[in-house]
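Each remark here refers to the structure printed beneath this line.
The values are calculated or read from the model by the stated rules, or taken from the named source; none is laboratory data. Values in this document were obtained by computation on a predicted structure and should not be read as measured data. Using ideal geometry, Cβ is built from the backbone for each residue, glycine included, and neighbour counts are taken over all protein chains shown. Ligands, DNA and RNA are stripped out before the accessible areas are found, and what is left, the full protein with its side chains, is counted by its heavy atoms. Shrake-Rupley method; radii C 1.70, N 1.55, O 1.52, S 1.80 Å.
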Amino acid sequence: MRPLVFAANWKMHIGPPEAREYLRAFFAAGEIPHERAVWFFPPAVSLEAVAQNVAGHRNVVAGAQDIYWEAKGAFTGAISAPLAAQAGGRMTLIGHSERRHVFGETDEQTGKKLAAALAANLQPVLCVGETLAQREAGETMAVVTRQLMAAFAGHSGNRHVNIAYEPVWAIGTGRNATPKDAAEVHRAIRGWLKGMLRTVVPFVILYGGSVNLKNAAELLAEPELDGVLVGGASLDPRGWAQLVRTAVT
Ligand code: PGA
């Protein structure tokens, strides 16, 4: 079986007591199948509860949904990479489309956050993806490349960065990219990263956008996909436990 990552983005759902209850139900389904990893991205208030309750479970880690680039200071409402790490976070999402499109985060800010995550040893998952208008205008790769370039600006590039390709039009809409469409973008991203790097690092590239129990097997059958980043379908512990056990041919 090839290694696969199942990342759960809870967004603004599941507080600390709910998170403990969720994980009890999730682990009641048994240990994670060998060669599979599960990454949980709870809201910041639940990060410590999740980190504590996944500790000791093989291949399961907790991460932040977002960080601010400064390490500390007068930044009301923000959390830094060192604070996320202190709460037990091992990873962080960077530049999720809701950060970019709802909160107006720029490419430049995404780059600063990526650098801050790496400096604090939080493994980043850099999210990239085009809007529907951009896809229809044939600009998908131009947009994704611009987002990658901005995020990697100022890096030697030889640090481990995971990527999530999430077309904005597929997030929370019930409309997912076809496995072939997703694979095409993944291949291009891999090509871009290879060209950029001096050291060869095995990059994990996840697909995200309306992944669920019904379409996961078909998407993951595409070898370009190293896993999935899932919002809505990760909120129910039993459904998620089933999803991480998806049979992949
Ligand atoms: P969705 O969200 O699975 O609900 O479409 C994915 C994401 O935003 O990471």
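Odds and ends about this structure:
- Evaluating SER46 against the criteria (1) modelled with pLDDT of 95 or more; (2) open to solvent by less than 60 Å² (accessible area, probe 1.4 Å); (3) in contact with a strand residue (DSSP E or B) (Cβ under 6 Å, 6 or more places away or on another chain) leaves one unmet condition, (3).
Results for (1) more than 19 Å from LEU148 (Cα to Cα); (2) more than 16 Å from the ligand (Cβ to nearest atom); (3) among the small types (Gly, Ala, Ser), shown as yes or no for each residue.
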{"position": "ARG159", "(1), (2), (3)": "no, yes, no"}
{"position": "GLU166", "(1), (2), (3)": "no, no, no"}
{"position": "GLY172", "(1), (2), (3)": "yes, no, yes"}
{"position": "ALA182", "(1), (2), (3)": "no, no, yes"}
{"position": "ILE189", "(1), (2), (3)": "no, yes, no"}
{"position": "ILE205", "(1), (2), (3)": "no, no, no"}
{"position": "SER210", "(1), (2), (3)": "yes, no, yes"}
{"position": "ASN215", "(1), (2), (3)": "yes, no, no"}
{"position": "LEU219", "(1), (2), (3)": "yes, no, no"}
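- Of residues in segment 111-143 being within 15 Å of the ligand (Cβ to nearest atom) and out of contact with any His (no Cβ under 6 Å at 6 or more places or on another chain), the one most open to solvent (accessible area, probe 1.4 Å): LEU132
- Residues satisfying the stated conditions in segment 63-83, i.e. touching a residue at least 24 places away in the same chain (Cβ under 8 Å), touching a strand residue (DSSP E or B) at 6+ places or on another chain (Cβ under 9 Å) and farther than 19 Å from LEU206 by Cβ: TYR68, TRP69, GLU70, ALA71, ILE79, SER80, ALA81
- Any hit, segment 152-159, residues being within 21 Å of ALA37 (Cβ to Cβ) and open to solvent by 10 Å² or more (accessible area, probe 1.4 Å): yes
- Among the residues of segment 217-249, those identified as open to solvent by less than 20 Å² (accessible area, probe 1.4 Å), under 27 Å from GLY15 (Cα atoms), in contact with a Phe, Trp or Tyr (Cβ under 8 Å, 6 or more places away or on another chain) and outside any loop (DSSP other than H, G, I, E, B) are GLY227, VAL228, LEU229, VAL230, SER234, PRO237, TRP240, ALA241, LEU243.
- Just one of the numbered conditions (1) open to solvent by less than 60 Å² (accessible area, probe 1.4 Å); (2) farther than 19 Å from VAL228 by Cα is not true of THR76: (1).
- Within segment 178-216, the residues that satisfy the criterion of being over 24 Å from GLN123 (Cβ atoms) and open to solvent by 40 Å² or more (accessible area, probe 1.4 Å) are THR178, LYS180, ASP181, GLU184, ASN212, LEU213, LYS214.
- Within segment 1-34, the set of residues being under 23 Å from ASN162 (Cβ atoms) and either in a loop (DSSP other than H, G, I, E, B) or at pLDDT below 95 (or both) comprises MET1, ARG2, PRO3, TRP10, LYS11, MET12, HIS13, ILE14, GLU31, ILE32, PRO33, HIS34.
- Condition broken by HIS57, with the remaining ones in (1) modelled with pLDDT of 95 or more; (2) touching a Phe, Trp or Tyr at 6+ places or on another chain (Cβ under 7 Å) satisfied: (1)
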